[in-house]
Amino acid sequence: MKRTSTARVTAVAAAALLGIAGLAGCSSGSSTTGSSDQGQSAGSVSASNSSSENSSGGTIKIGFFSPQSGSEASDGKSALDAAQLAVKDINAAGGLDGKKIQLVQYDDGSDPKQAVSIATKLTTQDNVAAVVSGSYSDQTLAAASIFQRAGVPMLAAYAVNPGIPGTGDEIFQIATSGPVEGKAGAQALIKDLGAKKIAIISIDNDFGTALVQGFTEQAAKLGATIVSTNKNQFGEKDFGPVIDKAVAAGADGFYMVEYAAEGQQFLTAFRQRNLTQKIVGTEGIDSTQQFIEPNGKLADGMVFTTVLNRDSTDPTTQAFIKDFTSAYGHAPDMVGATTYDSFKVLQAASKNGTTADNLKAGITDLANFQGVTGTVEKFVNRISVHPVELQVFKDGAVHHYGTVDDPDIINP
Amino acid sequence: MSYFLVIATTVVIYAVLSVGLNIAVGYAGQPHLAQGAFLGIGAYMVAVFSTRYGLSFWLCVLIAIVVTALSGFVLGVISLRLRDDFLAIVTIGLNFVVVAIFQYVPWFGGATGVYAIPLPSIGGHEFGNPEFLLLGLVMLAISVAVSGYISRTWLGLGLASIRDDELASASSGTPVASFKIAAFVVASAIAGMAGALYAPFLSAVTPTSFGFTESIVMLAMVMFGGVGTIRGAILGAIVLGALPEAFRFVSDYRLLIFGAILVLVLRFQPHGIIGTDSAAANAWKRLFSRPPKTEYDASCNDAASAMSVAVHGEPEQPGDGKD
Amino acid sequence: MFPALVDGVTVGALYALLALGPSLVYGLLRVLDVANAAALVLGAYLGVTLFRHGLPWWLGALGGMAGAAILGLLLQRFLYRPLLDRGPLVVLVASIGIFIALEEAFRLIWGPYPYQFPVNVPLPHGTIAGTPVTGVQVLMLVIGVVILLGSWWVLGHTRLGFTWRATAQDRETARAMGINVNRVIAGIFATGYALAALAGVLFAIRYNTVTPDMGDVPAYKMLAIIVLGGLGNPMGTILAAFVIGLAESVVNTYWGFILPRDTIAFLVLIAILLIRPAGLLPKGVTRA
């Protein structure tokens, strides 16, 4: 039997490890995808370890990560597009405290392990001043503790896992708090649309869990009953049986917490049955390319909770919608709006300086900030507090329906 | 520096997983597409016990290893009833079942997962990136030692004979059942150990991180590097594990490259890059090893041939395609 | 009860169409080919692209099937045939590598956003006992039945089928008898991939969506179905497909989405395999 020389193996392995790590290090200089000409990475990465010196002359580096490959690539593209537009707009208006933003962005491949590597890279090699996460909860969660420990402020654009802002005082959530959005949905379905017996159909992840929790709480307060609850996985395509069950249980309203693909299947089955129950959806389906464009007609009459008011008279919002559409060929959506606002919040917070402490204080002290997602009243427990926008589908397009701004509801 | 440490730690965790998987797949010849599930079990043990019950990390590692070993035992028992492709499919299914358990049994935190996993500390000193890598290397050393030890014992010989011809092996008196189960138990325990490190390293665990995709990546590493060899498992982990970071300059094409590399290597070097009978390994042998003195020597170099001699009565010629 | 049956049968028909190809491939070559599911996606993309250029959907389907058949021919010639004697694990992992690479290629070529495939199939549709059945579902059932009957007949009653089965039993002897084994292998792959592409087009029309990752779930579910049916037995595979489709629908109807649909498929699989380790209808192709 041949003796495996463990020492030889380990030596080879160690050498190869160092070799690959070196290769990885050499490639840290170019981190952009071919499509972006905005996010120039740090061409000359200095070995500086000091985290306070994070801008060189008139520029300031802001990190960004999003899924550009893998199952979440659709939303990732939306987020990256919005991020690049935001950087362009902010730089045109003078940048952050006079410094132009240099966007350092990476693709996390829908993989939390890559998010960890990216977070380490952003904080120790690229030395960014702050980070925006354009990614889902799994990746954002994994990255958050690294930013927290490194003392780099991070804003999560649309991830809603409660663990994210809970990580520490460097981490902020721009997205509407999950339970808050759920409560707003209850207001819409029960008070505005008059449903009394509700069937809940929800995606089974942290987003669904958080919203359903808020919805159920508020529904009880409003005196409605939940007659059936069903949670499904990503990729579910046959909602017929659960819809039939709900109807048999006497439901006169549906609360649908789904993403675009599943929402489309739900509505298809719903329409096939010529049902007349009211439906309230969520920002999960607020995606132009994945849902609104292709399925607007299917969703006619459906109200949903979100952040972007397409009929807004606010000039910033209108400008955003117009610029995004002309730059990218389609209207922006929830992912785009929250990502854009993450940068705008940074811009507002940088009034007094751009060190980590300045930015943190700036965000915490923000009051009645006017973003494309409406008015952000303040940050409570590092989650943004703002009225919830209600939009409705009419003839294939989305329009303003109402606003939920009751302080009891929107304060987490 | 931290960046390299983090990449290296990720690679080392994969290496531990691959070395463990190699015991079941490479040594025992069992199709095992569920290593990701055991990584998950180990990770969740540490995650839940250290956050909700406040147990020390080191105690949690022990719990992780014990629980995954037990789970591996279950898989081993299943493997007695099923062979080859059937077993392969069942292990695929195991991924889904385990992920579903993580997602639906409230004790595991549900769809939200478990976050805020505390950093391990040793002697009051909290873990930083260097400590994670160090612990990973220790775990790798342990796995390599265990694997190397197995390969030199009767268990290793037995597993090799099971791999090559289970019927012949059984008829020569090898305790096939116990050995198969042992292989799965060890492979799983090693995965559990890796999972224990994974949890605080990522600081959060969610159910979807431990599914079929993860298991496939580990199997790919083992086969890519050289199934049946420790060196192959480690090389596979290094190359495929560091690929996402090393190829950031072609960010959009990384997964495509991953698939392409995997296919090309398997097509032209089905034994893996540095596996047994690969071009690299043969070249190394020609350069560094003494040629065997007699034909008996040559056949003794291969445990499988030894068993075959016992069963079939003649030494195996190199290149005999086994069905 | 009836809604579950209707739903289960239509879903089962789709699974059957998808799994038939790889079942044939397995039965004849003992190769588990995950990349077959990529043929499903390729078929859908080619189909929808041709459709968007103005062609009728069934021409798009044929185009998809042709493209997939070519893919199958290329793969078997340059990847699988050389690896046939290397053991099942090598081929399986290689096929997974191809699958990953292909899905990425689709994403890079067609982009990550979903495509719509809005086809109004002018077949009688309406409701059966209160459950809406669309033209597409009827189409799927009809095509499914036709294909399945067709394969039963071809495999059992034609010279071609006989040749294929002979090759499956013993490649060497078949070759010695003058059968062009390589051509048979090529034919199997081309057919299997074309069937998967057809399933892909129907799937895309039924659910009105084409995405780069639409092959993920079918890929491993297809493996479960083949194994459940008793590897290498096309009829067993079809039966298994319907069993799984019905099981999923029944569970979903009576207990809601209590378990992820995929888990149901695998739990059924594991349970049945533990009782009958050779599958539902094990047949013929004995292990060496």
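Counting only alpha carbon atoms, the long axis of helix A:206-221 and the longest principal axis of chain A meet at about 40°. Normalising the Debye intensity of chain B to I(0), with uniform scatterers on Cα atoms only, and taking log10 at q = 0.12, 0.13, 0.14 Å⁻¹ returns -0.83, -0.96, -1.09. Estimated from helical segments only, the mean residue ellipticity of chain C at 222 nm is -24000 deg cm²/dmol, where each DSSP H run of four or more residues counts as -39500 (n - 2.57). Selection among A:F254, B:L137, A:P407 by position relative to the dipole of the protein assembly as shown gives B:L137 as farthest towards the positive end (Cβ unit charges, Cα centre).
Equivalent ellipsoid of the range B:24-172: semi-axes from √(5λ) of the C-alpha gyration tensor, largest first, are 33, 22, 11 Å. With q set to 0.23, 0.26, 0.33 Å⁻¹, the log10 of I(q)/I(0) for the range B:138-182, from the Debye formula over equal scatterers at the Cα positions, is -0.73, -0.85, -1.11. Quick note on chain C: its Rg to Rh ratio, both from C-alpha atoms and Rh being the Kirkwood radius, is 0.96. Average projection, convex hull of the Cα set of chain A: 23.5 square nanometres. Residues of the range A:212-241 with amide nitrogen under 12 Å from the 7 Å Cα-to-Cβ point of A:A249? Output list for this probe position: A:225-231. Residue by residue along B:2-15, Cβ atoms of other protein chains within 10 Å of the local Cβ number 6 on average. The packing ranking, built from the mean of other Cβ atoms within 10 Å per residue, places the peptides A:72-82, B:265-275 in the order A:72-82, B:265-275, highest first.
When Rg and Dmax are taken over the Cα atoms of the range B:171-280, they come to 16.5, 55 Å. Remark: mean inter-chain Cβ contacts per residue of A:108-117 equal 6, using a 10 Å Cβ-Cβ cutoff to other protein chain atoms.
Computed over the protein assembly as shown, the Cα gyration tensor eigenvalues convert (square root of 5λ each) into semi-axes of 46, 37, 25 Å, ordered from largest to smallest. The chymotrypsin sites (Phe, Trp or Tyr not before Pro) found in the range B:1-88 that occupy coil by DSSP, while having at most 11 further C-beta atoms within 10 Å, are B:Y53. When you filter the trypsin sites (Lys or Arg not before Pro) in the range B:1-99 for DSSP loop state and at most 13 other Cβ atoms inside 10 Å of their Cβ, you are left with B:R52.
Give the residues of the range A:305-322 whose amide nitrogen is closer than 13 Å to a point set 7 Å from the Cα of A:D405 in the direction of its Cβ. Once the point is set 7 Å along Cα→Cβ of A:D405, A:313-314 turn out to lie under 13 Å by backbone N, inside the range A:305-322. Each peptide in A:145-153, B:103-111, A:366-374 gets a packing score, the mean of other Cβ atoms within 10 Å over its residues, and the list from highest to lowest is A:145-153, A:366-374, B:103-111. Which number comes out as Rg/Rh for the range B:77-138 once both Rg and the Kirkwood Rh are worked out on C-alpha atoms? Rounded to two decimals, Rg over Rh is 1.20. To the nearest ten degrees, helix B:2-22 and the longest principal axis of the Cα atoms of chain B are 50 degrees apart. A convex hull fitted around the alpha carbon atoms of the range A:298-399 yields 110 Å³ per residue.
Computed about its Cα centre, the charge dipole of the protein assembly as shown is approximately 2240 debye, with only Lys, Arg, Asp and Glu carrying charge at their Cβ.
Compactness check for the range B:212-260: Cα Rg over 2.2 N^0.38 Å is 1.14.
A simple rule links phi to the HN-Hα coupling: the Karplus curve 6.51 cos²θ - 1.76 cosθ + 1.60 with θ = phi - 60°, which for the range B:267-273 gives 5, 9, 9, x, 7, x, 4 Hz, with x for Gly and Pro. Normalised by residue count, the range A:122-183 yields a Cα convex hull volume of 68 Å³ per residue. Enter the angle in degrees (range 0 to 90, nearest 10) between the Cα long axis of helix A:334-349 and the first principal axis of the Cα atoms of chain A, meaning the one along which they spread out most. Compared with the principal axis, the helix lies near 60 degrees. In order along the range C:88-98, phi translates into HN-Hα couplings of x, 5, 4, 5, 4, 5, 4, 5, 5, x, 4 Hz, rounded to whole numbers, per the Karplus curve 6.51 cos²θ - 1.76 cosθ + 1.60 with θ = phi - 60° and x for Gly and Pro. Taking every Cα-Cα distance in the range C:1-130 and sorting them into 5 Å bins from zero, the calculated P(r) comes out as 2, 9, 15, 18, 17, 14, 11, 8, 4, 1, 0 percent. A simple spin-label model places the labels of B:V77 and B:S56 3.3 nm from each other, with each point 7 Å out along Cα-to-Cβ. Placing +1 on each Lys and Arg Cβ and -1 on each Asp and Glu Cβ, with no other charges, gives the range A:57-159 a dipole about its Cα centre of roughly 360 debye.
In terms of the mean number of neighbouring beta-carbon atoms within 10 Å, the peptides A:349-355, C:206-212, C:147-153 order highest first as C:206-212, A:349-355, C:147-153. Estimated purely from DSSP H runs of n ≥ 4, each contributing -39500 (n - 2.57), the mean residue ellipticity at 222 nm for chain A is -12000 deg cm²/dmol once divided by its residues. Filter the cross-link list A:K237/A:K297; A:K196/A:K278; A:K191/A:K278 down to pairs whose alpha-carbon distance in this structure exceeds 21 Å. Flagged as over cut-off: nothing, all pairs pass. Exposure proxy ranking for C:M214, B:M193, based on other Cβ atoms within 10 angstrom of each Cβ and starting from the fewest, stands as C:M214, B:M193. Whole-Hz Karplus values for the range C:268-274 come out as 4, 4, 4, 4, 5, 5, 5 Hz, taken residue by residue from phi with 6.51 cos²θ - 1.76 cosθ + 1.60 and θ = phi - 60°; glycine and proline positions read x. Look at the stretch B:107-118: the mean tally of other chain Cβ atoms within 10 Å of its residues' Cβ atoms is 5.
Positive end of the charge dipole of the protein assembly as shown (Lys, Arg +1 and Asp, Glu -1 on Cβ, about the Cα centre): tell me which of A:S202, C:M140, A:S228 has its Cα farthest that way. After comparing all options, I get C:M140.
FRET efficiency for the C:M177 to A:D314 pair, using the beta carbon distance and R₀ = 56 Å, is estimated at 0.10.
No lab work stands behind these numbers, since they all come straight from the coordinates. Keep in mind that what you see is a predicted model, and the values were worked out from it rather than measured. Positions of Cβ are generated from backbone atoms using ideal geometry, with glycine treated the same way; all protein chains shown enter the neighbour counts.
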